[in-house]
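Before any comments, here is the structure.
The values are calculated or read from the model by the stated rules, or taken from the named source; none is laboratory data. Keep in mind it's a predicted model, so treat the numbers as computed, not measured. With ideal geometry, Cβ positions are generated from the backbone for all residues, glycine too; neighbour counts draw on all protein chains shown.
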Amino acid sequence: MGSSRWLWPVVLTIAGILLIIRPWAGDLPAQAEQAGDPVSEAEELFHQAIGDLETALDATAGPDGMRDLREAIEPERQALDAAIAESRRLAHESPDDDRAQETLIESLRRKLDLLHNTLMLMRDMERGDSANAQDRIQAISGQERPDTD
């Protein structure tokens, strides 16, 4: 399968995001068993990072309007979950189809981006950084993708 060529940048991106969010998420989980398949391994890393971001968002969503922000992204999150489920079904039905594998990874990346940008928006709002907050809002709405500072 030719998917390992495009998969390494994805894995490195996920690893970078995990390093960023670990202060919010707590200790590293026990090492998962190796799946042997690079797409399965990348999918597992995405799920770990998404779980960490969801934990961090739950911990950050206080009574000062952050819950409203979480509720505002919920329709997009549900749409991404449906896209991930469909992409996963197609990828598992056609394990040699690179396009199906890429679509699954892209759907997972989009969910990771949504959660990451939401968490960073919360941080910017807590700091009173309206310029960065505005950039994050545009990224969440799909207008651009800011750096992961």
**Asked** Do we find that S130 is at pLDDT 85 or above and hydroxyl-bearing (S, T, Y) in this structure?
**Response** no
**Request:** Can you give me the number of residues within region 86-98 that are surrounded by fewer than 16 Cβ atoms within 10 Å (Cβ to Cβ) and either outside any helix (DSSP H, G or I) or modelled with pLDDT of 90 or more (or both)?
**Result:** 8
**Prompt:** How many residues, within region 50-84, are modelled with pLDDT under 90 and touching a helix residue (DSSP H, G or I) at 6+ places or on another chain (Cβ under 7 Å)?
**Reply:** 13
